[in-house]
1. Taking just the alpha carbons, could you work out the radius of gyration and Dmax for the stretch A:2-138, both in angstroms?
2. As a test of reading the structure, rank B:Trp43, B:Trp142, B:Trp111 by solvent-accessible area (1.4 Å probe, protein chains only), most first.
3. Above 16 Å lies some portion of the pair distances; for the stretch A:1-62, what is it as a whole percent of all C-alpha pairs?
4. Quick check of the Kirkwood formula: for the protein assembly as shown, what is the inverse mean of 1/r over all pairs of different Cα atoms, in Å?
5. Excluding residues on the same chain fewer than 8 positions from A:Lys145, give the lysines whose Cα lies under 26 Å from its Cα.
6. When only Cα pairs under 8 Å and 6 or more residues apart are kept, what is the percent relative contact order across chain A?
7. Report the accessible area of B:Ser45, computed with a 1.4 Å probe over the heavy atoms of all protein chains in place, in Å² rounded to the nearest 10.
8. Would you tell me the mean number of C-beta atoms belonging to other protein chains that fall within 10 Å of each C-beta in A:47-53, as a whole number?
Amino acid sequence: MKGLSRVRLAFTLFGTFFLIGLFTFGGGFSMIPLIARAVVERRKWLTEEEFREDLAFAVPIPGPNAVNIAFLVGFRVAGALGAALAALGCVLPSFLVILGIALGLSPYFATPLARKFFSGAGAAAVGLIAYAFFRIGRGSFREPKTILLGIAALALLISGFHPLLALLFAVLGGLIYDWARSHPR
Amino acid sequence: MTGLDHILAELFGAFVRIGFGAFGGGMPAIQLLSHEVVEVHRWLSPAEMAEVVALAEMTPGPIAVNAATFTGYRVAGIAGAALATFSVLLPAIFFLSVFLVLRRFSRSDRWARKLASALQPGILALIAAAVWSLGKAVIHGWIFGLFAAASFFSLLLSKEKVHPALLILLFGLLGLAIS
């Protein structure tokens, strides 16, 4: 019985992430509010903590953020099958859309209509990502360490450093910060 | 090897390499894509590549995945599209699996929780940078700024009762209506 319910869960994950993948415009971070709503708020598959942890690992691991998050969340909910189906569900909409365009099935994308739709949807995605920033950070905005390291990493990103270098810098900076705090002169 | 087998093998190799290097998305991914797809293999012309990037921005999904599907189809039809898309994700699947196996078989997952919280400030910086760079690209004029602000505050004030996908759809349609 347990095996069966796990398979059923995995297919529910597929459907959930298919819908999420359909609306992921403007980069993987815009799907954070969508995933959080689906898997934390509605279905309560993950706790807030677990979700934040999965996100933290999804970013530095090579691969598109959106797919990585789907894979890690899928694994927590329904094991390896859950991970595979969540990732497949997340990729399938973009695969089908691009294939449709390449096949010439969709005259919609040949027109400026798509550009206009995206101009509005992209603006909404900016709001979604801003909300993701607030949602992920809301527990830690008062920690001097987070603020300090976050601003330093942002400065590195803006001056053109590779995202992974900025992340590494922030992690090492955190270690040094903790060490300095535990060794007061 | 027949011609098609050879092309499929090349697609596989190129997109696995792209998948290895393309994380954080955005510029690093685009540079790597143009290197492999335009310069090394000449599967697409620079102009076509620019079109794919523009297309990827207007369609759902990660840019590396979009480019893989499009290039794969161009070079070797639907089989090529499926293979290139799978190949670009293969490194991700490999590294994610290694991480999950490590977490599963280590005596405690405390290290994972600690590392995750150590990554937090950097992740927040990346998200902030994404707000900035996408905002710069799509917010032309106050009305689009208003769309972004309205999306943010609907989620905040409704405590996520408003569906984020609905906001994408609504402001996408408004974008059609006003321009």
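1. Final numbers for Rg and Dmax: 15.6, 50 Å.
2. Solvent-accessible surface, decreasing: B:Trp142, B:Trp111, B:Trp43.
3. Tail of P(r) above 16 Å: 53 percent of Cα pairs.
4. This gives a value of 20.9 Å.
5. Straight-distance partners of A:Lys145: B:Lys114.
6. Values: 170 pairs, mean separation 45.9, N = 185.
Reported as a whole number, the value is 25 percent.
7. It works out to around 50 Å².
8. Numbers: counts 0, 0, 3, 2, 0, 6, 9.
Average neighbour count from other chains, rounded to a whole number: 3.
The values are calculated or read from the model by the stated rules, or taken from the named source; none is laboratory data. Everything numeric here is computed off the predicted structure, so don't read it as measured data. For neighbour counting, all protein chains shown are included, and Cβ atoms are generated from backbone atoms with ideal geometry for every residue, glycine included. Just the protein is used for accessible areas: all its heavy atoms, side chains included, with ligands, DNA and RNA removed. Shrake-Rupley method; radii C 1.70, N 1.55, O 1.52, S 1.80 Å.
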